[in-house]
Amino acid sequence: MQLAATSGEWLCGDGPCSDIVISSRARLARNVAGFPFVGKASDEQRAQIISQVNEVLNAPIDNRRTSSLDLTELSELDRQFLMERQLISRELARGDGPRGVVISEGERHSVMINEEDHLRIQVLQSGFSLDDCWQECDALDNRIESGIPFSFHPQLGYLTACPTNVGTGLRVSVMLHLPALRMTREIQKVHQSAQKIKLAVRGLYGEGSQALGDFYQVSNQLTLGKTERQLITEVREVVQRIVEWERKGRRHFFESNESRLLDLVSRAWGTLTSARSITSEETMHLLSSVRMGLQMDLLDGRDASLVNELFIRTQPAHLQHTYGEALPPERRNIVRASWLQKRLEENRGDNYEPR
């Protein structure tokens, strides 16, 4: 898979509040008028939808070339790779029947076809960039709708398979790195603040996933009865509070127990650069400490883009693509440890040594 040789732009580690916010995403659920929802559509109808979407999106998006992938032709490993890269959902990866995805160069845009709805239109950017994500997603939505009529009700809005998406069909989400709130046991504040206004707090891969590496996704749950601007404002205001809580938590942890924090970061660095076997889960937790150390100047150097990349590239499917073959779990752990040491050594210079 060609994507294995590149990294998504959302991992570059820049943009507003990039010390805490990894990425922002806007995603629209849409269904093609005249076709049954995916759960009731025949394979022939689903194939027709894929053909129509590919025809509309065969030209560049925002001057970025596009690639169309047929998921029925991909291996399970390739589908897992796309899921780890945040380009498709678990539901699409594990589904059946005709389904696909269109991805733009740089992985800023992806359009899933025949997941729960006919289309899931996504824009993903680095940092806290909800407004930019929404503007690009809205423009892409308009482009597709100019060639494909969507199911729309004058009172209800866009019609979707799940009632929670009816209306605008918009889900906006922000991926945050919150190690201090977890260590100070104040992560419950995040859940409570989100629940008050019906926002969801999930793990790295969305619904049903764990918060590995202290990654949390905050997103709206309902769309009916609210405008796009209202939804974006609600998520933005909660995320702004969470960012301040995390920054305050880091400062408090450093001021109250500097030696413990330095030891935590140094131990994480030491394990990553010397371990002979390491699991994906342990890697995520150790990289989380290293990333926090970089952002707090506890490690020399300020570029977290390598660590952002390693979070994804040490996941099972990415690692096996890098190695060039399928690997059993125990072998993966050995290869992961060796590859981590190599990548960190290549980028060591004077940048990543503990103080």
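The values are calculated or read from the model by the stated rules, or taken from the named source; none is laboratory data. Predicted model, so just to flag it, every value in this text is computed and none were measured. Cβ coordinates were reconstructed from backbone atoms using ideal geometry, including for glycine residues, and neighbour counts include every protein chain displayed.
Examine segment 82-95 for a residue that is of a type in the set (S, T, N, Q), under 25 Å from residue 332 (Cβ atoms) and within 24 Å of the chain's Cα centre (by Cα), and state whether such a residue exists. Yes, there is a match, as at least one residue in segment 82-95 is of a type in the set (S, T, N, Q), under 25 Å from residue 332 (Cβ atoms) and within 24 Å of the chain's Cα centre (by Cα).
Residues that are assigned to a helix (DSSP H, G or I) and in contact (Cβ under 8 Å) with a residue 60 or more places away in the chain within segment 212-231 comprise 212, 213, 214, 228, 231, listed in sequence order.
Would you pick out the residues in segment 88-106 that are among the charged types (D, E, K, R) and either surrounded by fewer than 20 Cβ atoms within 10 Å (Cβ to Cβ) or assigned to a strand (DSSP E or B) (or both)?
Within segment 88-106, 90, 91, 94, 96, 105 meet the criteria.
Within segment 1-10, count every residue that is outside any loop (DSSP other than H, G, I, E, B), within 14 Å of residue 105 (Cβ to Cβ) and in contact (Cβ under 8 Å) with a residue 24 or more places away in the chain.
Residues of segment 1-10 outside any loop (DSSP other than H, G, I, E, B): 2-5, 9-10.
Restricting the remaining residues to those that are within 14 Å of residue 105 (Cβ to Cβ) gives 2-3, 5, 9-10.
Keeping just the survivors that are in contact (Cβ under 8 Å) with a residue 24 or more places away in the chain gives 2-3, 9-10.
Looking only at that region, the number is 4.
Could you look through segment 188-202, keep only residues that are free of Cβ contacts under 8 Å to residues at least 24 places away in the same chain and touching a strand residue (DSSP E or B) at 6+ places or on another chain (Cβ under 9 Å), and pick out the one that is surrounded by the fewest Cβ atoms within 10 Å (Cβ to Cβ)? The selected residue is 195.
So the check is Cβ under 8 Å with 6+ separation or different chains; which pairs have a first residue in segment 62-87 that's over 19 Å from residue 324 (Cα atoms) and assigned to a helix (DSSP H, G or I) and a second one that's among the β-branched types (Val, Ile, Thr) and at pLDDT 95 or above? So the pair list comes out as 71/88; 71/101. Taking segment 232-248 as the range and being in contact with a helix residue (DSSP H, G or I) (Cβ under 9 Å, 6 or more places away or on another chain) and either assigned to a loop (DSSP other than H, G, I, E, B) or not β-branched (Val, Ile, Thr) (or both) as the test, the residues that pass are 236, 241, 245, 246, 247, 248. Residues in segment 107-136 that are within 14 Å of the chain's Cα centre (by Cα) and part of a loop (DSSP other than H, G, I, E, B): 108, 127, 128, 129. Looking only at segment 11-26, residues that are outside any loop (DSSP other than H, G, I, E, B) and over 23 Å from residue 241 (Cβ atoms) come to 1 in all. Within the option set 27, 64, 46, being under 25 Å from residue 175 (Cβ atoms), of a type in the set (D, E, K, R) and surrounded by 18 or more Cβ atoms within 10 Å (Cβ to Cβ) holds for one residue only, 27.
Has segment 137-147 got at least one residue that is in a loop (DSSP other than H, G, I, E, B) and surrounded by fewer than 16 Cβ atoms within 10 Å (Cβ to Cβ)? Yes, there is a match, as at least one residue in segment 137-147 is in a loop (DSSP other than H, G, I, E, B) and surrounded by fewer than 16 Cβ atoms within 10 Å (Cβ to Cβ).
For segment 193-211, the criterion of being in contact with a Leu (Cβ under 7 Å, 6 or more places away or on another chain), within 25 Å of residue 84 (Cα to Cα), part of a strand (DSSP E or B) and hydrophobic (A, V, I, L, M, F, W, C) is satisfied by no residue at all. The residue that is nearest to residue 163 (Cα to Cα), among those in segment 42-61 that are free of Cβ contacts under 8 Å to residues at least 60 places away in the same chain and either among the hydroxyl-bearing types (Ser, Thr, Tyr) or not in a helix (DSSP H, G or I) (or both), is 42.
Quick one: which helices (runs of 4 or more DSSP H) sit completely within segment 249-355 and have at least 3 residues that are modelled with pLDDT under 90 and surrounded by fewer than 19 Cβ atoms within 10 Å (Cβ to Cβ)? Ranges flagged: 329-346. Of everything in segment 156-192 that is among the aliphatic types (A, V, I, L, M) and in a loop (DSSP other than H, G, I, E, B), the residue that is nearest to residue 256 (Cα to Cα) is 178.
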